[in-house]
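The values are calculated or read from the model by the stated rules, or taken from the named source; none is laboratory data. What you see is a predicted model; the values in this text were computed from it and never measured. Using ideal geometry, Cβ is built from the backbone for each residue, glycine included, and neighbour counts are taken over all protein chains shown. What goes into the accessible areas is simple: the full protein's heavy atoms, side chains included, and nothing from ligands, DNA or RNA. Shrake-Rupley method; radii C 1.70, N 1.55, O 1.52, S 1.80 Å.
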Amino acid sequence: MTEQGINNYFDEWQNIGIIYEYGHYFDLFKNSDFMITDSASFLLEYYPTQKPVIRLMSKTYTYNNALTEMVAGNYYQVHNIDELKNTLKIVIEDKQDPVKKQRLKYINLFQPFLYGF
């Protein structure tokens, strides 16, 4: 990418959300209501919040380890725009979290990381 392309990329992200470049993001997680992501990078780190994640899934994605795959299975996985709209309605608009009980079954795996949550 050119420098202008990089700047445009970050400007677009800034227009639709938050770009956080400061390293310690646990307070952002703690103060959030949910996360929408297309990446597995934060799935394990977000788990101690006990809050929902809406995961945008590609057709070709494969998990790189069993723990990440287990955690992801306790979040909402959407594969298309209709699933995303339905999930947003349930989780955001209706403030329901049907998989929370399932997610909490595994929270003890994250006890060492629960500081501050």
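All told, T68 meets the bar of being under 25 Å from W13 (Cβ atoms) and either open to solvent by 40 Å² or more (accessible area, probe 1.4 Å) or out of contact with any strand residue (DSSP E or B) (no Cβ under 9 Å at 6 or more places or on another chain) (or both). Starting from residues that are part of a helix (DSSP H, G or I) and among the aromatic types (F, W, Y), keep the ones in the stretch 10-69 and report whichever is farthest from the chain's Cα centre (by Cα). In this case the residue turns out to be F10. Do we find that T62 is among the β-branched types (V, I, T) and either open to solvent by 90 Å² or more (accessible area, probe 1.4 Å) or at positive phi (or both) in this structure? Yes; evaluated as a whole, the condition is true for this residue.
Would you call Y9 among the aromatic types (F, W, Y), open to solvent by 70 Å² or more (accessible area, probe 1.4 Å), out of contact with any strand residue (DSSP E or B) (no Cβ under 6 Å at 6 or more places or on another chain) and modelled with pLDDT of 80 or more? First the steps, then the outcome.
Working: among the aromatic types (F, W, Y): yes; open to solvent by 70 Å² or more (accessible area, probe 1.4 Å): yes; out of contact with any strand residue (DSSP E or B) (no Cβ under 6 Å at 6 or more places or on another chain): yes; modelled with pLDDT of 80 or more: yes.
Yes, satisfied.
Of the residues making up the stretch 76-90, just one is open to solvent by less than 60 Å² (accessible area, probe 1.4 Å), touching a Ser or Thr at 6+ places or on another chain (Cβ under 9 Å) and not aliphatic (A, V, I, L, M), namely Y76.
Please state which one of L44, L28 is more than 18 Å from Q102 (Cβ to Cβ) and open to solvent by 40 Å² or more (accessible area, probe 1.4 Å).
On the way: L44 fails: more than 18 Å from Q102 (Cβ to Cβ).
Being more than 18 Å from Q102 (Cβ to Cβ) and open to solvent by 40 Å² or more (accessible area, probe 1.4 Å) holds for just one of L44, L28, which is L28.
Using the structure shown, decide if E93 is among the charged types (D, E, K, R), loosely packed, with under 14 Cβ neighbours inside 10 Å and within 14 Å of the chain's Cα centre (by Cα). For E93, the condition - among the charged types (D, E, K, R), loosely packed, with under 14 Cβ neighbours inside 10 Å and within 14 Å of the chain's Cα centre (by Cα) - is not met.
The single condition from (1) modelled with pLDDT of 85 or more; (2) over 10 Å from the mean Cα position of the chain (by Cα) that I107 fails is (1). Listed by first and then second residue, the pairs linking a residue in the stretch 61-90 that is at pLDDT below 90 to a residue that is among the acidic types (D, E), with Cβ atoms under 7 Å apart and 6 or more places separating them unless they lie on different chains, are Y63/E69. Which count do you get for residues in the stretch 91-106 that are assigned to a helix (DSSP H, G or I), without any contact (Cβ under 8 Å) to a residue 40 or more places away in the chain and closer than 18 Å to M70 by Cβ? Matching residues across the stretch 91-106 total 2.
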